Amino acid sequence: MASWIIQMMVMMVSIFIKASHGKRDPVLYCSACRAIVDELNYSISQVDPRKTIDVGGFRVNPDGSVKNKQVPLARSETHLSELLEEVCKSMSDYALHLDPDTQQKQYRRFAPRSTGTDGGFPDLKNFQFDGPEASTGLAFACETLVEELEDDIISTFSKKADGVEEQLCSSLCDRSGSRTNQEL
């Protein structure tokens, strides 16, 4: 009798755990993925292209030589890992944007970059500022995606390939009905 009660309790707990996992908001996660790509592209563009970093095993060969390789710092795995640690902190610069023509919602950057080359603030009338909770949700989605896709992000950005957003975010954005070619 006691084993039957324990089995029922375990079954009820497992059902409760499965039911408590919420569904992901596709607009939130698609926007977070696009924001990650946008922020990383910007950060990479700010690095001096002449800077390099030594990579390799730093092992001494039997003949006494060391085999090193220099790669550009901007797209090195080390630099990309450092950028990924900080990328979600910039999610407070994003807010929910409602496209007046299509009524499509997505998070977009509303704050100008520190360099001021983007021409200042965008038109804020279509942004919905719902307080700090909105950026907290986007930051959480960002952190979740960085944890899940870290290896894919690093391998994709380490190659100088076009269509990074398409490669990383297409599976997330296709489910939400968002257009994958829309600029942040």
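Quick notes
- Couplings 3J(HN,Hα) for segment 85-102, derived from phi with the Karplus relation 6.51 cos²θ - 1.76 cosθ + 1.60 (θ = phi - 60°), are 5, 9, 4, 6, 5, 8, 5, 6, 8, 10, 8, 5, 10, 10, 5, x, 7, 9 Hz, where x marks Gly and Pro.
- Which listed pairs, of Lys69/Lys159; Lys23/Lys89; Lys23/Lys160; Lys69/Lys160; Lys89/Lys160; Lys105/Lys159, have C-alpha distances above 22 Å, in listed order: Lys23/Lys89; Lys23/Lys160; Lys89/Lys160; Lys105/Lys159
- The residues packed around Val66, meaning those with a beta-carbon under 15 Å from its beta-carbon, carry a net charge of +1 if Lys and Arg are +1 and Asp and Glu are -1.
- Alpha carbon Rg of segment 24-174, scaled by the compact-globule rule 2.2 N^0.38 Å: 1.24
- Reach of Lys125 by Cα under 15 Å, taken over aspartates and glutamates that are not fewer than 8 positions away in the same chain: Asp99, Asp101
- Glu77 versus Lys51: modelled label distance in nm, points set 7 Å from Cα along the beta carbon direction: 2.0
- Expected-Rg normalisation [2.2 N^0.38 Å, Cα atoms] applied to segment 119-174: 1.46
Taken together, the values in this text are just the output of simple stated rules run on the coordinates, not laboratory data. Since the model is a prediction, treat every value here as computed from it, not as a measurement. Backbone-built Cβ (ideal geometry, glycine too); neighbour counts: all protein chains shown.
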